[in-house]
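What follows is a short report on a single structure.
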Amino acid sequence: QVQFVESGGGLVQAGGSLRLSCVASGSIIRFIEMGWFRQAPGKQRELVASVTPRGVTNYADSVKGRFTISRDNAENTINLQMNTLKPEDTAIYYCNRRTGAWDWGQGTQVTVSS
């Protein structure tokens, strides 16, 4: 079982940027399609971005053009660069394999003020 530690969240004004990082405990992730997810209060957890082992990316329509997911297989790290943030991006952000099948970490809180 792989464990995740997410970091980089915080409070930012609308239009600002944040960079999230996720460190995984196992190198197996370099062979797995990975994703960043978010869960806003009262809502279900949703996949916002994913990246294949070869670096092919996919994004939810709500973040396309604003968020960029990347991976560093040597460091077992998945990153999420978030630009032009909006209040509706406020959520706890998590990383996991794209299917969400592994145990969830604590996540990192992102709060965007208007």
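Looking across the range 80-91 at every residue that is without any contact (Cβ under 8 Å) to a residue 60 or more places away in the chain, of a type outside the set (Ser, Thr, Tyr) and touching a strand residue (DSSP E or B) at 6+ places or on another chain (Cβ under 6 Å), the one that is farthest from residue 17 (Cα to Cα) is identified as 91.
As a summary of the residue check, residue 63 satisfies the conditions (1) surrounded by fewer than 16 Cβ atoms within 10 Å (Cβ to Cβ); (2) farther than 23 Å from residue 3 by Cα except for the one numbered (1).
Scanning the range 47-59 for residues that are of a type outside the set (Ser, Thr, Tyr) and loosely packed, with under 15 Cβ neighbours inside 10 Å returns 53, 54, 55, 56.
Residues in the range 22-43 that are without any contact (Cβ under 8 Å) to a residue 60 or more places away in the chain and buried (at least 19 other Cβ atoms within 10 Å of the Cβ): 1 in all. Taken over the range 56-77, the criterion of being on the phi > 0 side of the Ramachandran plot and either modelled with pLDDT under 95 or polar (S, T, N, Q) (or both) is satisfied by 76 alone. If the requirement is being farther than 15 Å from residue 2 by Cβ and over 14 Å from the mean Cα position of the chain (by Cα), which of these qualifies: 91, 101, 74? On inspection, the qualifying residue turns out to be 74. Scanning the range 62-71 for residues that are assigned to a loop (DSSP other than H, G, I, E, B), under 12 Å from the mean Cα position of the chain (by Cα) and of a type in the set (D, E, K, R) yields a count of 0.
Annotation for the range 77-94: no member residue is of a type in the set (Gly, Ala, Ser) and open to solvent by 20 Å² or more (accessible area, probe 1.4 Å).
Going by the conditions given, is residue 49 within 15 Å of the chain's Cα centre (by Cα) and closer than 12 Å to residue 97 by Cα?
Working: within 15 Å of the chain's Cα centre (by Cα): yes; closer than 12 Å to residue 97 by Cα: yes.
Judged against the criteria, residue 49 is a match.
The residue pairs whose first member lies in the range 98-111 and is of a type outside the set (Lys, Arg), whose second member is assigned to a loop (DSSP other than H, G, I, E, B) and open to solvent by 70 Å² or more (accessible area, probe 1.4 Å), and whose beta carbons are closer than 8 Å, counting only pairs six or more residues apart or on different chains, are 100/45; 102/1; 103/1; 103/3; 105/3. Of all residues in the range 91-108, none satisfies the criterion of being at pLDDT 95 or above, part of a loop (DSSP other than H, G, I, E, B) and closer than 18 Å to residue 64 by Cβ.
The values are calculated or read from the model by the stated rules, or taken from the named source; none is laboratory data. Predicted model, so just to flag it, every value in this text is computed and none were measured. Methodologically, a virtual Cβ is constructed for each residue, glycine included, from the backbone with ideal geometry; neighbour enumeration extends over all protein chains shown. Areas reflect the complete protein model, heavy atoms only, side chains present, ligands, DNA and RNA absent. Shrake-Rupley method; radii C 1.70, N 1.55, O 1.52, S 1.80 Å.
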